[in-house]
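Working notes for the structure below.
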Amino acid sequence: MMLDDAARRRHFEALYAHDEDPWQVRAAWYERRKRAVLLAALGRPSYRSAFEPGCGNGELSASLAARCERLLACDGAAGAVAAARRRLQGDALAHGALRIEQRSLPAQWPRAERFDLVVVSELGYYFDAGAWRDLVAQAASNLEEEGELLMCHYVHDFDDRAASTASVHAAADAIPALVRTVQHRDADFLLEVWTRRAA
Ligand SMILES: C[S@@+](CC[C@H](N)C(=O)[O-])C[C@H]1O[C@@H](n2cnc3c(N)ncnc32)[C@H](O)[C@@H]1O
């Protein structure tokens, strides 16, 4: 089932309108195991400023927030943003160290901001190849030297997949400023980290 951008937005809004955890990210073993691998794959104990596009209901954001001085987490669906704010309510949200914003990508990607970590989990396969290549190039230019881009995606087929996981990750391999530093591939997901080379 191929959806255009507007139909895809309505699809995600409808999912969150019925259930604030449509993929069971809080309880499903696949999600919990993947989160543990993802957090273990990060190269540093802590980061200055991280970006998590497509944050969903904020379950991964909660773990990232514990490792980052500042975190911008965003999602295109209002229902996801509301759920993430409920999940992460507290001082960090109140004081601006944690921002949870409704942003539709690619239009509202934070082009001017600098990060030492960008985490893309289960998002890239919703974009067509050209738009995704541009977004990954943008993510690379948002990164500080030695900053990390982590991508993690399910490998099996599903209805509204627009691109293969292999092609989503190949977009980062094609960027000369990025060097791949971690690769984890198993029966269910591919997780890779690229580090931005020093100039
Ligand atoms: C499968 S969920 C993944 C959520 C979370 N990253 C995780 O790994 O658990 C995909 C999320 O990406 C969001 N999303 C998809 N396309 C988007 C777009 N173009 N702009 C912003 N958010 C988008 C959806 O609303 C949804 O919350």
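The values are calculated or read from the model by the stated rules, or taken from the named source; none is laboratory data. Values in this document were obtained by computation on a predicted structure and should not be read as measured data. Cβ atoms come from the backbone with ideal geometry, glycine included; neighbour counts cover every protein chain shown. Side chains are part of the model used for accessible areas, which takes the heavy atoms of the whole protein and leaves out ligands, DNA and RNA. Shrake-Rupley method; radii C 1.70, N 1.55, O 1.52, S 1.80 Å.
Here is how the numbers come out for the structure above:
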| item | result |
| --- | --- |
| For the range 5-196, projected area of the alpha-carbon convex hull averaged over all directions, nm² | 9.9 nm² |
| Per residue, in Å², the accessible surface of the chain once ligands and nucleic acids are set aside, probe 1.4 Å | 47 Å² |
| Environment charge of TRP194, counting only residues whose C-beta is closer than 14 Å and scoring Lys/Arg +1, Asp/Glu -1 | -4 |
| Prolate/oblate/rounded label for the range 19-86 (Cα gyration tensor, a/c 1.5) | oblate |
| Rounded percent of accessible protein surface that carbon and sulfur make up, the range 5-196, 1.4 Å probe | 51 percent |
| Selection from GLY79, ALA97, TRP29 lying farthest towards where the dipole of the range 5-196 points positive, charges on Cβ | ALA97 |
| Extension gain (nm, one decimal) between ASP91 and ARG161, 0.36 nm per residue minus Cα-Cα | 21.5 nm |
